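Down below is the structure, laid out as structure tokens.
The values are calculated or read from the model by the stated rules, or taken from the named source; none is laboratory data. Quick caveat: nothing in here was measured; it's all calculated off a predicted structure. Backbone-built Cβ (ideal geometry, glycine too); neighbour counts: all protein chains shown. Just the protein is used for accessible areas: all its heavy atoms, side chains included, with ligands, DNA and RNA removed. Shrake-Rupley method; radii C 1.70, N 1.55, O 1.52, S 1.80 Å.
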Amino acid sequence: QVQLVESGGGLVQPGGSLKLSCAASGSIFSINAMGWYRQTPGKQRELVAVITSGGSTNYADSVKGRFTISRDNAKNTVNLQMNSLKPEDTAVYYCKAIVRPEATLRWSDYWGQGTQVTVSS
């Protein structure tokens, strides 16, 4: 069983910063890409940032220069440092990992439960 647990969401004023963290646990053989997505009511979930096991990153245009994704392969964690936050960044943020569990050795997508980020004065 593989689980992803996020932490670090909350309420922040415009221009402020937040750091999201996500830890993958369970019987994991290996992890490929890890990333962050976000979703607002009535809209599709969208990619925010992704990082490969080798450290290559990709960001949504809307967050480039403000958000930074990083990961610790030894700890199976991924972080999202969010700076210069805007009201339009308000959303539920989800962690996703492409994992090969020890039980199956098949690559599968796993998602966290989501954490609310609210940017408001």
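Details
- For region 39-54, the criterion of being surrounded by 17 or more Cβ atoms within 10 Å (Cβ to Cβ) and among the hydroxyl-bearing types (Ser, Thr, Tyr) is met by no residue.
- Single unsatisfied condition, TYR59 versus (1) surrounded by fewer than 15 Cβ atoms within 10 Å (Cβ to Cβ); (2) over 13 Å from THR115 (Cα atoms); (3) among the hydroxyl-bearing types (Ser, Thr, Tyr): (1)
- Just one residue in the set SER30, SER25, SER121 is of a type in the set (Gly, Ala, Ser), touching a residue at least 12 places away in the same chain (Cβ under 8 Å) and assigned to a loop (DSSP other than H, G, I, E, B); that residue is SER121.
- Looking only at region 82-114, and only at residues there that are part of a strand (DSSP E or B) and more than 15 Å from LEU47 (Cα to Cα), the one that is most open to solvent (accessible area, probe 1.4 Å): ARG100
- Annotation: GLY65 fulfils all but one of (1) part of a loop (DSSP other than H, G, I, E, B); (2) open to solvent by 20 Å² or more (accessible area, probe 1.4 Å); (3) within 20 Å of GLN116 (Cα to Cα); the unmet one is (3).
- Cβ-Cβ contacts under 6 Å between residues 6 or more apart (or on different chains), taken from a first residue in region 54-78 that is modelled with pLDDT of 95 or more to a second residue that is hydroxyl-bearing (Ser, Thr, Tyr), are listed as ARG66/SER84; ILE69/THR57.
- Some residue of region 33-50 being in contact with a strand residue (DSSP E or B) (Cβ under 8 Å, 6 or more places away or on another chain), of a type in the set (Val, Ile, Thr) and outside any strand (DSSP E or B): yes
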